[in-house]
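Engineer: Take this structure, written in structure tokens, and hold onto it; I'll ask about it next.
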Amino acid sequence: AASPPAVSPGGRWLALEVWSATGNTILSRLVVQPTTGGPAWSMLVPADLPTWVGFSGDERYAFYALSGPDTAGEQHSRLMSVPVPDGAGGPDVGAIRPLIDHRLPAPSWLGNVALTPDGRHLLALLTPMQTSAVPGAATQGPGLYALRPDGADWQLLASQAIEFWVAAGQPWAV
């Protein structure tokens, strides 16, 4: 079974999740297919509920959310960034970056993350339930932040912000 696909802003990539049952185990695989044909790449995701969220404006990064236990065994949701490779095969696992950690497994908090109009930065509203998952990120508590798709250059835009809006309510559409 597959979920509804995410399409990159320029229409170059199609991303979807595929689940398959193996006995009592369900395997989740994230797949990216070039819309012009050619080989797809995929990666097995060892967590519950992986969901493609969108692509950066330059189509070099894709974002997905997943829910699963942290190192202490507590359930969390995370926003992940993965570079989109231009050739066959998937991304290097070391290049996948967790960006934001949410202390509950519900993905509804993703409404607090959006792309800037040019699609080259993320806007992230960090609440007391969210923290940066990027080691060494310069965050200063709750507020509205901007960061690059690879998780670098966290900039505080509005301290203690509690909400923000995007045009036409399309947070992941450029």
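No lab work stands behind these numbers, since they all come straight from the coordinates. Nothing here was measured: the structure is a model prediction, and the numbers come from that model.
Engineer: Pairs of alpha-carbon atoms within less than 8 angstrom and 6+ residues apart define the contacts here; what relative contact order does the chain have, in percent?
Structural biologist: Relative contact order, the chain: 15 percent.
Engineer: Here's a follow-up. Starting from the Kirkwood Rh over alpha-carbon pairs, what translational D in µm² s⁻¹ does the chain have by Stokes-Einstein at 37 °C and 0.692 mPa s?
Structural biologist: This corresponds to a translational diffusion coefficient of 198 µm²/s.
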